[in-house]
1. Which distance in nm do the two modelled labels at residue 65 and residue 190 give, with both placed 7 Å along the Cα-to-Cβ direction?
2. Relative contact order, percent, of the chain when contacts are C-alpha pairs under 8 Å separated by at least 6 residues?
3. Express in nm, to one decimal, how much length is gained between residue 9 and residue 174 on full extension, taking 0.36 nm for each residue of separation and deducting their alpha carbon distance.
4. Could you work out what % of the accessible surface of segment 68-191 is carbon and sulfur, using a 1.4 angstrom probe and leaving DNA, RNA and ligands out of the count?
5. Determine which residues of segment 33-64 fall in the zone a paramagnetic label at residue 139 would reach in this model, i.e. backbone nitrogen under 11 Å from the point 7 Å along Cα→Cβ.
6. Under the classification rounded if a/c is under 1.5, otherwise prolate if a/b is larger than b/c and oblate if not, where does segment 77-191 fall, given a ≥ b ≥ c as square roots of the Cα gyration tensor eigenvalues?
7. Rounded if a/c is under 1.5, else prolate if a/b is larger than b/c, else oblate: which is segment 34-88, with a ≥ b ≥ c the root eigenvalues of its Cα gyration tensor?
8. Based on the alpha carbon coordinates of segment 123-172, what radius of gyration and maximum Cα-Cα distance (Dmax) apply, in Å?
Amino acid sequence: TSEFLALHARAAAVIRAERPDLTLVLGGVTGRAGLSHALCFEGAPADVPGLREEEARQYLCNRGMMRNEAAQAAVAAALAIADYDVADIHLYDAPNLWPAAVAWRQAHTLAPIWVSEFGGPWPRNEPTDPDYQAERLAVYLATIDTLPVARAYYFKLTDDPTSYHALSGLYDVTGAPKPALSVFETWMAAR
């Protein structure tokens, strides 16, 4: 945390001096703090198809509690200390946890919140076929609509076999549109 904050302070000082017109985002901060708070401290259900709720709680909440507490302390400290105009958050796979995760972040900052990455489905637990991805994207977008965030960015344009969410793109590896693209375009057109 201290190295991240030191680097951010140096970058913020240069940006404030050279380009005070730019919006300074405190980015790259783990979403684990708010998500673990929602799941482990508030008891919100993850509600991810294919995920056994009790196994997730055992793994993430019981065995991972020290890591969760460390993430929450680090993120709270960063939000309290850093110089920024906007706080970002990353939200993946478990949209049922997103409202509480954003609320946790809001409780630690007065700055607007941007969702700089959101998406899924969770390849470890959920199907990865294109039709299922499109169904889940509709759920993610409906959830984004309920969040008190200024902006939200879908995290993956094209499938990439080298990444964890390899098949979560709006286009496949050949550049062909997937059903999720249509869901996304329809949602955007309604804005």
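1. The two pseudo-label positions are separated by 4.1 nm.
2. The normalised contact order for the chain reaches 20 percent.
3. 55.3 nm
4. The nonpolar share, carbon plus sulfur, comes to 59 percent.
5. 46-51
6. Prolate shape, in that a/c is at least 1.5 and a/b is the bigger ratio.
7. prolate
8. Answer for segment 123-172, Rg first and Dmax second: 11.8, 33 Å.
The values are calculated or read from the model by the stated rules, or taken from the named source; none is laboratory data. This is a predicted model, so every value here is computed, not measured. Cβ sites come from the backbone with ideal geometry, for glycine too, and all protein chains shown count toward neighbours. Heads up: the accessible areas ignore ligands, DNA and RNA and are worked out on the full protein's heavy atoms, side chains in. Shrake-Rupley method; radii C 1.70, N 1.55, O 1.52, S 1.80 Å.
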